[in-house]
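Below you'll find the structure, written out as structure tokens, and then a few comments.
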Amino acid sequence: MQGILGIFTALRPLIDPFRPALFRVLLLLMGVIIGISSVYLGMPGVGIRWRSAEPVHLADGWKDTWVKNTALIYSSTASGATGETLDTLNAQTRSDLEAAGYGPEQIEELAEQNPPLQNVLLNVRDLPSQAEADDARGKISGNIFTTLGPVLYLFVLGLVMVVAGIVLSFRPPPIGKWKRNIVRDERTGAMAEQERQRRQAIEAARKSSDAPDASTANLGTPVTRQMSAYVLGDDLFSDSFAIEPNGGFAGEMGVELSESIGEGAPKKPAAFEVFVFDQADIQTLTYLIVSEYAYQDDALRAKLAPRGEEMIVAQPGKSFMMETKNLVMQVRIVDVAYGEGSLPPNSFFEKLTLSLAVWLKEGVEVAVWA
């Protein structure tokens, strides 16, 4: 057993790329098995018999051939048979003719249609019982359910499978692969909700940013203005935006999660890094936006200090300037919301929305991409 498991483990890297195709083949084989089983195991509603069929189930032309051959065999054998042998031959011929649903009436009609074999057929006309032949033909008379049974059965089976597929899609059982899909769907739903909240925050920040700002009135129109919004649960939060005046590249600006506190998921961010990169001077300036708790906690503040030139406590409406050799960036804190729980009050952010605006200093020229 261990040897088989070892072989499977060794072959798994080769099998994994083909797993989707193998899964489809498995579904096809299951369908074939169900289809065959529905016939050979006598499932309800399937009125088709593929085994132990009798001559009466043959098509009309083949039944005529069966009767002709039976009559020819009888004709060639009966002339030399006597006594018990003849009785056995008569019984077998009678059984074969009745099994095909041919009594004296049907044999006589067949003889009229086949003059060359008329005498041969009339020799066996009186052997079968008309009543037995009629009973045999009754096996194929059937009714509308017998005729439509297979179609009805397949329709009902298909309907059950479709309904089961729909039900399992909305309420999958929490086992195996379905359990993993449930977890993945929950994560996808959470991510979608985070993105929705993020877009709402950005839209609200954009509207508030349209108001005149006296502190930057002398700078004119910014080269670029961007909105960045964090929502609790986005553990990989990182926003960055290129600064591209007149089709050139002057640098980059952005915000990213810097430090979280506590344990477990999601991360509880206590500080964010805001940066601006000056392409012409090859300089990156970084400020920290921290929670009230992070600013007041000596150990956490000492840990964060080396990461930025300045440390700003997050307060709604507060703004500050960041200046490099060629760029001036205003960071405005549009909205702040602290999370609640077992951690200290105002220790981690549930939401943080920032407005970032950048200006080129007077006289600075930026090369335009060819």
Inside the range 278-358, counting only strands (runs of 3 or more DSSP E) that do not spill past its ends, which hold 1 or more residues that are under 43 Å from the mean Cα position of the chain (by Cα) and of a type in the set (F, W, Y)?
327-338
Name every residue in the range 104-118 that is closer than 19 Å to R94 by Cβ and of a type outside the set (G, A, S), in order of residue number.
P104, E105, Q106, I107, E108, E109, L110, L117
Which members of the range 234-258 meet the condition of being open to solvent by 20 Å² or more (accessible area, probe 1.4 Å) and in a loop (DSSP other than H, G, I, E, B)?
D234, D235, L236, E244, F249
Just need a number here: residues in the range 107-141 that are within 60 Å of the chain's Cα centre (by Cα), closer than 15 Å to K63 by Cα and open to solvent by 70 Å² or more (accessible area, probe 1.4 Å).
3
Across (1) modelled with pLDDT under 65; (2) under 35 Å from the mean Cα position of the chain (by Cα); (3) loosely packed, with under 13 Cβ neighbours inside 10 Å, V163 clears everything bar (1)
Is the range 211-223 home to any residue that is of a type in the set (V, I, T), in a loop (DSSP other than H, G, I, E, B), modelled with pLDDT of 85 or more and within 19 Å of W359 (Cβ to Cβ)?
yes
Within the group S355, S319, S347, S342, which residue is closer than 20 Å to S238 by Cβ and either at pLDDT 95 or above or of a type outside the set (D, E) (or both)?
S355
State which residue is nearest to P345 (Cα to Cα) when the search covers only the range 278-322 and only residues that are small (G, A, S) and loosely packed, with under 13 Cβ neighbours inside 10 Å.
A299
Identify, by number, the condition in (1) crowded, with 17+ Cβ neighbours inside 10 Å; (2) without any contact (Cβ under 8 Å) to a residue 12 or more places away in the chain; (3) of a type in the set (A, V, I, L, M, F, W, C) that A271 doesn't meet.
(2)
Could you tell me whether any residue of the range 24-46 is among the hydrophobic types (A, V, I, L, M, F, W, C), in a helix (DSSP H, G or I), at pLDDT 80 or above and open to solvent by 100 Å² or more (accessible area, probe 1.4 Å)?
yes
For the range 259-276, enumerate the residues that are assigned to a loop (DSSP other than H, G, I, E, B) and within 16 Å of S291 (Cβ to Cβ).
G262, P266, K267
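The values are calculated or read from the model by the stated rules, or taken from the named source; none is laboratory data. Everything quoted here is computed from the prediction, not taken from an experiment. Glycine also receives a Cβ, built like all others from the backbone with ideal geometry; neighbour counts cover every protein chain displayed. Ligands, DNA and RNA are excluded from the accessible area calculation, which covers all protein heavy atoms including side chains. Shrake-Rupley method; radii C 1.70, N 1.55, O 1.52, S 1.80 Å.
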